[in-house]
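The values are calculated or read from the model by the stated rules, or taken from the named source; none is laboratory data. Just so it is clear, the structure is predicted and the values come from calculations on it, not from any experiment. Note that we place each Cβ from the backbone using ideal geometry, even for glycine, and neighbour counts take in every protein chain shown. The protein model used for the area step is the full one, side chains on, heavy atoms only, and it has no ligands, DNA or RNA in it. Shrake-Rupley method; radii C 1.70, N 1.55, O 1.52, S 1.80 Å.
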Amino acid sequence: MIVYGKRIFYYLLKNHKEIINEIILSKKLDAKEFRELQKSNIPIKVTDNKKAQSLARGGNHQGYFLDINFTPKDSKNIKDLKSVLILDNITDMGNIGAIIRTAYSLGIDTVIITGINELKWENVIRMSAGAAIDMPIIVIKNILDVINDLKTNKFKIIGADMDGNKDIEKTEKMALIMGNEGEGLTKKVKSKLDEIASIEMKRNFDSLNVSVASGILMDRIFNG
């Protein structure tokens, strides 16, 4: 797997050197920076701009690439979890990455991604600033199976919607569901909820990005 961008490049070199197969550069570094990379004892390859653009598929690579071996981090047994975030049918990998970054920072136990056919791990890792390497992430197609499993294990199921409560009564085990960027939660999912959470708007404006809304609700529900 190829990941690119200076931020994720140096994050992985610092924290996950063991998964890096090769360093790939398409820019000339100053002598000091290059010597520091050599100290990592990871093979370094220099490539041209055309090849770099192909590797990044047109993305902003900044000249920094890593070839990595990546395996999603295992989650704990569901019986040992306390806080779960479910992203249902969220299709934008940038949003998913940003939400995972926040979930990891806020101490959420596991993120479960449902309703999509494929998770583009390269994009998610980059957009999460590397948090997706450390965050337990599970991809399951059918959200109703996930909800039923969580309910069996005594989780309170909370969904985000405009017409819900501002204050959520906390329990020991909770799962928050965030829905599709445009359509929100489906009726089938809403019928399974124990409670609906909303964000109170102070102005006549009701359009928060799903990653922003997720951050607000995660902090309020799990850490507030």
*Pull up the cross-link candidates among the lysines for LYS188, meaning alpha carbon to alpha carbon under 23 Å and not fewer than 8 places away within one chain.*
LYS141, LYS151, LYS154, LYS156, LYS166, LYS173
*Relative contact order (%) - criterion: Cα under 8 Å, at least six apart; region: segment 93-184*: 25
*Quick one: give the max-minus-min coordinate of the C-alpha atoms of the chain along each principal axis, largest first, in Å.*
58, 41, 31
*Report the net charge of residues surrounding GLN62, where surrounding means a beta-carbon distance below 9 angstrom and charges are Lys +1, Arg +1, Asp -1, Glu -1.*
+3
*Per-residue ³J(HN,Hα) for segment 113-129, Karplus 6.51 cos²θ - 1.76 cosθ + 1.60, θ = phi - 60°, Hz, x for Gly and Pro*: 10, 10, x, 10, 7, 8, 9, 7, 4, 4, 5, 5, 4, 5, 6, 8, 6
*asked:* Taking every pair of distinct Cα atoms and averaging 1/r, then inverting, what Kirkwood hydrodynamic radius in Å comes out for segment 61-145?
replied: 13.3
*With a 10 Å radius around each residue's Cβ, average the other Cβ atoms per peptide and rank 182-192, 1-11, highest first.*
1-11, 182-192
*Enumerate the calculated ³J(HN,Hα) couplings along segment 170-185 in order (Karplus 6.51 cos²θ - 1.76 cosθ + 1.60, θ = phi - 60°), each rounded to whole Hz, writing x wherever the residue is Gly or Pro.*
7, 10, 5, 10, 9, 10, 10, 10, 10, x, 3, 3, x, 9, x, 7
*Treating each Cα of segment 1-118 as an identical point scatterer and ignoring solvent, apply the Debye formula and state log10 I(q)/I(0) at q = 0.17 Å⁻¹.*
-0.96
*Take the solvent-accessible surface of the protein heavy atoms, probe 1.4 Å, and return the percent of it on the chain that carbon and sulfur atoms account for.*
46
_GluC sites (Glu not before Pro) lying in DSSP loop within segment 1-59, provided at most 12 other Cβ fall within 10 Å_ = none
*Residues with beta-carbon under 15 Å from that of THR47, excluding THR47: net charge, scoring Lys, Arg +1 and Asp, Glu -1?*
+3
*Which net charge results when you count Lys and Arg as +1 and Asp and Glu as -1 among the other residues whose beta-carbon is under 12 Å from that of LYS6?*
+2
*Based on the alpha-carbon gyration tensor of segment 129-194 and its eigenvalue square roots a ≥ b ≥ c, which shape applies: rounded if a/c is under 1.5, prolate if not and a/b is larger than b/c, or oblate?*
rounded
_Tell me whether segment 163-222 comes out rounded, prolate or oblate; compute the Cα gyration tensor, take square roots of the eigenvalues as a ≥ b ≥ c, and use a/c under 1.5 as the rounded threshold._
oblate
*Using the per-residue mean of other Cβ atoms lying within 10 Å as a proxy for protection, in what order, highest first, do the peptides 76-86, 93-103 fall?*
93-103, 76-86
*Compute the accessible area per residue over the chain, keeping the other protein chains in place, probe 1.4 Å, unit Å².*
54
*In segment 3-55, what is the count of Lys pairs whose alpha carbons are under 13 Å apart, counting only pairs at least 8 residues apart or on separate chains?*
8
